Amino acid sequence: DTAVSQTPKYLVTQMGNDKSIKCEQNLGHDTMYWYKQDSKKFLKIMFSYNNKELIINETVPNRFSPKSPDKAHLNLHINSLELGDSAVYFCASSPHRDGGFGNTIYFGEGSWLTVV
Amino acid sequence: GENVEQHPSTLSVQEGDSAVIKCTYSDSASNYFPWYKQELGKGPQLIIDIRSNVGEKKDQRIAVTLNKTAKHFSLHITETQPEDSAVYFCAASKVGSARQLTFGSGTQLTVLP
């Protein structure tokens with residue numbers, strides 16, 4: 001009964017490869033996110049989707065392409081992986097798109113990506 | 001855009017002592033300030049939050065204070081226990097902002113038995 005689940009949890013891959021991380025939430029939320037956490041633990045939003053519509057696209061290389069087939073799923077595809085892509089990627093969801101009280105963001109457990 | 005600074009980056013306390021983590025924010029329009037706890041190998045989880053119309057909020061051993069004038073807010077943990085050891089993040093947001101949360105850089109809290 002995991003609220004936000006993402007797979008795989010660990011991913012080791014070579015430079016230049018293409019990989020995907022899948023995410024699903026069973027909370028009935030409208031909004032989903034991808035966050036990146038670097039080696040210094042800094043959390044930064046990458047993308048936000050609301051009911052399958054992209055609403056936030058931070059300055060992320062276009063090698064990163066999110067896809068939301070429905071509002072319960074938000075997958076992240078990464079092309080031509082680089083060493084600097086090594087990080088923990090967190091999927092998250094919240095009830096709606098507007099920031100503020102009552103719109104708690106729930107995080108998945110993270111996907112550890114290592115590019116060698 | 002919003003900028004959130006968090007201090008200290010690491011904090012060690014003896015079990016039973018109190019721990020305080022401080023954050024400052026730059027956007028005076030921010031009006032919602034949550035705190036997240038990230039245990040090793042897990043995703044961040046909300047532990048307490050405060051709105052800008054409230055100066056202090058308490059939930060058992062944790063409390064958060066907010067000074068809107070100075071644009072800073074703090075997390076206070078009393079009677080710390082080993083299970084409080086984790087990374088704590090402060091964040092700031094404003095109602096209606098699709099950008100959601102801007103996180104601080106995190107504080108690694110270690111509670112020594």
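The values are calculated or read from the model by the stated rules, or taken from the named source; none is laboratory data. Being a predicted model, the structure only gives us computed values, none of them experimental. Counting neighbours? That spans all protein chains shown, and the Cβs are built from the backbone with ideal geometry, glycine included.
Right, B:Leu66: of a type outside the set (Ser, Thr, Tyr), out of contact with any Lys or Arg (no Cβ under 7 Å at 6 or more places or on another chain) and surrounded by 15 or more Cβ atoms within 10 Å (Cβ to Cβ) or not?
So B:Leu66 passes the test.
Against the condition surrounded by 18 or more Cβ atoms within 10 Å (Cβ to Cβ), under 23 Å from A:Asp98 (Cα atoms) and not β-branched (Val, Ile, Thr), how does B:Tyr88 come out, does it pass?
No: the conditions fail for B:Tyr88.
Take segment A:42-61 and flag every residue that is farther than 14 Å from A:Phe90 by Cβ, among the β-branched types (Val, Ile, Thr) and within 11 Å of another protein chain (Cβ to nearest Cβ).
A:Ile55, A:Ile56
Across segment A:83-104, which residue is surrounded by the most Cβ atoms within 10 Å (Cβ to Cβ) among those that are within 7 Å of chain B (Cβ to nearest Cβ) and at pLDDT below 90?
Looking at residues that are within 7 Å of chain B (Cβ to nearest Cβ) and at pLDDT below 90, I get A:Gly99.
Please return the ranges of strands (runs of 3 or more DSSP E) entirely within segment A:1-94 where 1 or more residues are closer than 25 Å to B:Leu40 by Cα.
A:4-7, A:10-13, A:19-25, A:31-37, A:43-50, A:73-78, A:87-94
Here is a list: B:Lys42, B:Lys22, B:Lys71. Which entry is within 14 Å of chain A (Cβ to nearest Cβ) and within 17 Å of B:Phe103 (Cβ to Cβ)?
Testing whether each residue is within 14 Å of chain A (Cβ to nearest Cβ) and within 17 Å of B:Phe103 (Cβ to Cβ) leaves just B:Lys42.
Filter segment A:28-41 down to the residues that are surrounded by 15 or more Cβ atoms within 10 Å (Cβ to Cβ) and either more than 13 Å from A:Asn75 (Cβ to Cβ) or of a type outside the set (Phe, Trp, Tyr) (or both), then identify the one that is nearest to the other protein chains (Cβ to nearest Cβ).
A:Lys41
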